[in-house]
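The values are calculated or read from the model by the stated rules, or taken from the named source; none is laboratory data. These figures come from a predicted structure and were not determined experimentally. Cβ: placed from backbone, ideal geometry, glycine included. Neighbour counts: every protein chain shown.
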């Protein structure tokens with residue numbers, strides 16, 4: 001990974017600030033999440049709770065808070081070192097190649113918009129109709145493929161589209177495939193490695209929206225052949241405001257800077273257009289960066305790398321199976337899905353309650369039972385509406401509402417949380 005890691009001497013360590021605690025403080029581990037007693041948070045897909053390790057990392061750095069890349073004093077030097085170490089850590093977590101760049105952004109939406117600005121002129125972007133808006137709206141010159149009904153159909157559909165594009169256009173024209181790693185509506189995992197291989201077979205690149213995948217499963221850019229990946233810190237147990245675009249440097253270094261300002265320049269002359277722009281991550285990171293967001297996200301990445309990911313996966317899948325089995329047993333509940341019922345997925349389930357408005361159900365769950373989940377179309381309106389229509393046809397019900405409910409789980413979720421939701425749904429008035 002290409003990084004601007006700065007070699008500076010670290011000042012003497014300050015006394016460690018008090019450790020943040022969970023409401024019911026026990027022998028806590030770094031991947032414990034902070035929360036509020038008696039509230040059941042089943043809205044991880046929107047914003048995951050902050051991990052203890054992220055809060056600790058921010059608290060430890062607070063006394064040394066200073067400008068990044070701006071200053072010779074110990075505060076600035078310590079902050080710069082922490083920021084660049086965070087970049088390296090996150091790059092390692094994502095499996096970046098030596099020549100890749102890791103650019104800090106605000107979130108996945110910001111990262112994908114940056115990439116959309118950086119694609120060479122004349123690039124065709126191929127995406128599917130099942131994308132979240134962040135991977136649906138920013139792209140220029142798009143070819144939008146129908147929502148497939150299986151992972152295999154996604155691969156076949158992409159192959160056909162790429163063959164047609166290469167047959168009908170300049171074979172050297174750039175093509176970018178933009179696809180989700182895991183759906184924010186259904187949790188279903190997409191066949192990223194196979195789609196990457198298919199893209200490369202036709203001389204195309206692939207960008208993966210990993211906002212929902214990275215919190216639940218390892219993402220390895222080099223091993224899977226991904227060209228670009230975007231993630232959000234607030235999905236990965238870190239606070240709001242930090243995201244990452246990681247991937248190949250050539251398009252990014254050739255593009256106009258995403259933001260214009262200090263930090264993105266090598267030099268500025270007196271003439272209006274006398275500007276020499278930086279290459280590497282600095283080119284797209286103008287302004288004072290979000291130091292705490294970067295450090296918090298890096299701390300979570302380290303903790304996840306050191307954890308037993310297979311064990312975390314097994315535990316999540318057990319909770320997910322309990323949730324889906326329980327929902328299936330409720331007579332008025334219909335689950336939304338794109339692929340078959342047994343398709344691999346992360347801890348996200350969307351569903352509707354026949355005869356009940358989804359917003360009213362969400363409000364009742366919150367007020368009567370202290371359960372928080374999401375209602376609506378989940379910033380994936382074309383997909384969610386399609387799946388609601390499909391659910392009505394599959395179930396034979398004519399009383400399904402026009403929006404859905406989404407329950408999502410993660411590191412802090414428990415059997416009790418799942419059971420409380422199922423009991424509350426069974427108890428709806």
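Figures for the structure shown
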{"quantity": "Sole exception among (1) outside any helix (DSSP H, G or I); (2) over 19 Å from residue 187 (Cα atoms) for residue 92, by number", "calculated": "(1)"}
{"quantity": "Tally, over the range 121-161, of residues that are more than 23 Å from residue 344 (Cβ to Cβ), in contact with a strand residue (DSSP E or B) (Cβ under 7 Å, 6 or more places away or on another chain) and free of Cβ contacts under 8 Å to residues at least 24 places away in the same chain", "calculated": "4"}
{"quantity": "Count of the range 68-87 residues which are touching a residue at least 40 places away in the same chain (Cβ under 8 Å) and either in contact with a strand residue (DSSP E or B) (Cβ under 7 Å, 6 or more places away or on another chain) or surrounded by 16 or more Cβ atoms within 10 Å (Cβ to Cβ) (or both)", "calculated": "13"}
{"quantity": "Subset of the range 341-364 (residues that are in a helix (DSSP H, G or I) and without any contact (Cβ under 8 Å) to a residue 60 or more places away in the chain)", "calculated": "358, 359, 360, 362, 363"}
{"quantity": "In the range 247-283, residue surrounded by the most Cβ atoms within 10 Å (Cβ to Cβ) [restricted to those that are under 22 Å from residue 222 (Cβ atoms) and in contact with a helix residue (DSSP H, G or I) (Cβ under 6 Å, 6 or more places away or on another chain)]", "calculated": "252"}
{"quantity": "Some residue of the range 96-107 being surrounded by 19 or more Cβ atoms within 10 Å (Cβ to Cβ) and closer than 20 Å to residue 183 by Cβ", "calculated": "yes"}
{"quantity": "Every pair of residues 6+ apart whose Cβ atoms lie under 9 Å, when the first sits in the range 101-113 and is within 17 Å of residue 83 (Cα to Cα) and in the same structural domain as residue 253 (by TED's automatic domain parsing) while the second is in a strand (DSSP E or B) and modelled with pLDDT under 95", "calculated": "101/2; 102/2"}
{"quantity": "Residues satisfying the stated conditions in the range 331-340, i.e. outside any strand (DSSP E or B) and surrounded by 15 or more Cβ atoms within 10 Å (Cβ to Cβ)", "calculated": "332, 336, 337, 338, 339"}
{"quantity": "Residues satisfying the stated conditions in the range 390-404, i.e. part of a loop (DSSP other than H, G, I, E, B), touching a residue at least 60 places away in the same chain (Cβ under 8 Å) and within 8 Å of residue 352 (Cβ to Cβ)", "calculated": "400"}
{"quantity": "Among residues of the range 218-246, those that are surrounded by fewer than 19 Cβ atoms within 10 Å (Cβ to Cβ) and at pLDDT 95 or above, counted", "calculated": "5"}
{"quantity": "Residue 326, sole failed condition from (1) surrounded by 12 or more Cβ atoms within 10 Å (Cβ to Cβ); (2) in a loop (DSSP other than H, G, I, E, B)", "calculated": "(2)"}
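Residues checked against (1) in a helix (DSSP H, G or I); (2) in contact with a helix residue (DSSP H, G or I) (Cβ under 8 Å, 6 or more places away or on another chain); (3) closer than 23 Å to residue 285 by Cβ:
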| site | (1), (2), (3) |
| --- | --- |
| 144 | no, no, no |
| 147 | no, yes, no |
| 177 | no, yes, no |
| 196 | yes, yes, no |
| 211 | no, yes, yes |
| 234 | yes, no, yes |
| 240 | no, yes, yes |
| 244 | no, yes, yes |
